[in-house]
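Undergrad: Pasting in a structure now, in structure tokens, and then I'll have a few things to ask.
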Amino acid sequence: MTIVSPIWSGKDTQLRLRNALCVEKKRKSITLGPPRISRANRPCDLVVATHSRIGVVPLADSIPPAVSFVIPAMDESDSLARLYQEIEKVCIAENLSHQIVFVDDGSTDSSWQIMRDLASEHPDHCVAVKLRRNFGKAAALSAGFDVATGDIVITMDADLQDDPKEIPRFLEKMDAGFDVVSGWKKVRHDPWHKVLPSRVFNWTVSKLTGVNLHDHNCGFKAYRRGIFDEVKLYGELHRFVPVLAASKGWRVGEIEVEHHARAFGRSKYGVSRLIKGFLDLMTIYFLTAFSGRPLHFIGGAGLVCFAMGGIGMFYLSVMWGITRLSESMEDLHLHRTAIFFYCILAILLGSQFLVTGLLAELMVSQSREREQPYSIAERVGNGFQSGLLSGDENDPLATDASHRSGQVEN
């Protein structure tokens, strides 16, 4: 490549310097923050998080895998090695480039040692991540998603109840144009006190959110990697990723999967999971339906309270006047009527709801400056001409820049 630099005349020096400053200022205004490494050029690293520090060991192969498996585990030492072997067997049979990410979510047994051994023995496609304590499944999945480099991310439980033989069927469904594929354990090998509440919960979630899945709780799912650039997990919202993705416009589907009885360990969930699940459902419903317009929800409740209180006060005022004008009716004393105080309470609550809704709108308007309220599926074309800075083709700055654009020769 040969770069040809013209000799600038004295009368044009100041103009050209101003043009150069404009270009540099424009470039800085567009490139905010550190440069992002494209997925095609990003190296695949072995990341091992210990209790004291994080070490990064680059792998020999820098080509990103086609599929990443994110497997959170807590006290699952008996099943980890066997699960790894079964996933490897399927991936080899399917000739599938892959990456397996184990996340130790505060295990007290030998799970972490087994993960470390697997990552050390197979550094080309195995990663082990250790959290400092038990942060919950959503946090463990987020840690795995941050490490995963595959274009498709498949999540599985580490208890061997999810069968790796279903992996090709997930990929076939993804090839059909879906962005999220959720497993459906149609035949479950769990006790009835887990199955019945789960079915009630799944039915409620489907009706309330409009994302009709038979098994929202199933941990066996496949995602496009780009989903996690828009969907952030916290608390226990991991089971609602399909709902959050659907609210952004991603296509969600499901397939029936084989479910095995638990062979090792014990379940980490109890009755409290059901209670937390319904509370999380309220959160999801609000986030997906009213995150960009909280006044419609909070203000709507305020208007209902305000209207009820206002109608009640109007009725009492009319009755107070009628009883004063009529000799046959006993006088109505408002301070002796309970409904009078309920109406005052409703008006006060309505006013507070409206003010709270307006404050929520103010907070949303501030946060929207940092978060885009939309999701782009595809963009074609650049639409930027580096030579036209002012939009006027007769501008001498634009003319100089357009002349210089032809001064790089190959």
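The values are calculated or read from the model by the stated rules, or taken from the named source; none is laboratory data. Keep in mind it's a predicted model, so treat the numbers as computed, not measured. Glycine gets a Cβ as well: all are built from the backbone with ideal geometry, and neighbour counts include every protein chain shown.
Undergrad: Being surrounded by fewer than 15 Cβ atoms within 10 Å (Cβ to Cβ) and within 21 Å of Ala139 (Cα to Cα) is the filter here; which residues of segment 70-108 pass it?
TA: Once the filter is applied, which keeps residues that are surrounded by fewer than 15 Cβ atoms within 10 Å (Cβ to Cβ) and within 21 Å of Ala139 (Cα to Cα), segment 70-108 yields only Thr108.
Undergrad: One residue is enough: does segment 323-332 have a residue meeting the conditions surrounded by 12 or more Cβ atoms within 10 Å (Cβ to Cβ) and free of Cβ contacts under 8 Å to residues at least 40 places away in the same chain?
TA: yes
Undergrad: Could you list, in sequence order, all residues of segment 307-330 that are of a type in the set (S, T, N, Q) and assigned to a helix (DSSP H, G or I)?
TA: Once the filter is applied, which keeps residues that are of a type in the set (S, T, N, Q) and assigned to a helix (DSSP H, G or I), segment 307-330 yields Ser317, Thr323.
Undergrad: Do we find that Phe178 is closer than 18 Å to Val67 by Cβ, in a helix (DSSP H, G or I) and either modelled with pLDDT of 90 or more or of a type in the set (A, V, I, L, M, F, W, C) (or both) in this structure?
TA: So Phe178 fails the test.
Undergrad: Return the pair list, or none, for Cβ contacts closer than 7 Å from residues in segment 343-365 that are closer than 12 Å to Leu303 by Cβ to residues that are buried (at least 17 other Cβ atoms within 10 Å of the Cβ) and polar (S, T, N, Q), at least 6 apart or on different chains.
TA: none
Undergrad: If you take the residues in segment 267-306 that are part of a helix (DSSP H, G or I) and of a type in the set (Lys, Arg), which one is modelled with the highest pLDDT?
TA: Per the criteria, the residue is Lys276.
Undergrad: Kindly indicate the residue of segment 171-184 that is touching a residue at least 24 places away in the same chain (Cβ under 8 Å) and surrounded by fewer than 22 Cβ atoms within 10 Å (Cβ to Cβ) and also nearest to Gly226 (Cα to Cα) among those meeting that condition.
TA: Asp179
Undergrad: Right, next: Of everything in segment 216-232, what is under 10 Å from the mean Cα position of the chain (by Cα) and either buried (at least 20 other Cβ atoms within 10 Å of the Cβ) or aromatic (Phe, Trp, Tyr) (or both)? Give them in sequence order.
TA: Answer for segment 216-232, where residues must be under 10 Å from the mean Cα position of the chain (by Cα) and either buried (at least 20 other Cβ atoms within 10 Å of the Cβ) or aromatic (Phe, Trp, Tyr) (or both): Phe228, Val231.
Undergrad: I'd like the residue in segment 195-214 that is closer than 18 Å to Asp179 by Cβ and either of a type in the set (Asp, Glu) or part of a loop (DSSP other than H, G, I, E, B) (or both) and, out of all such residues, is nearest to the chain's Cα centre (by Cα).
TA: Val211
Undergrad: Take the conditions among the acidic types (Asp, Glu), under 13 Å from the mean Cα position of the chain (by Cα), within 25 Å of Gly106 (Cβ to Cβ) and at pLDDT 90 or above and apply them to Asp146. Does it pass?
TA: Yes, satisfied.
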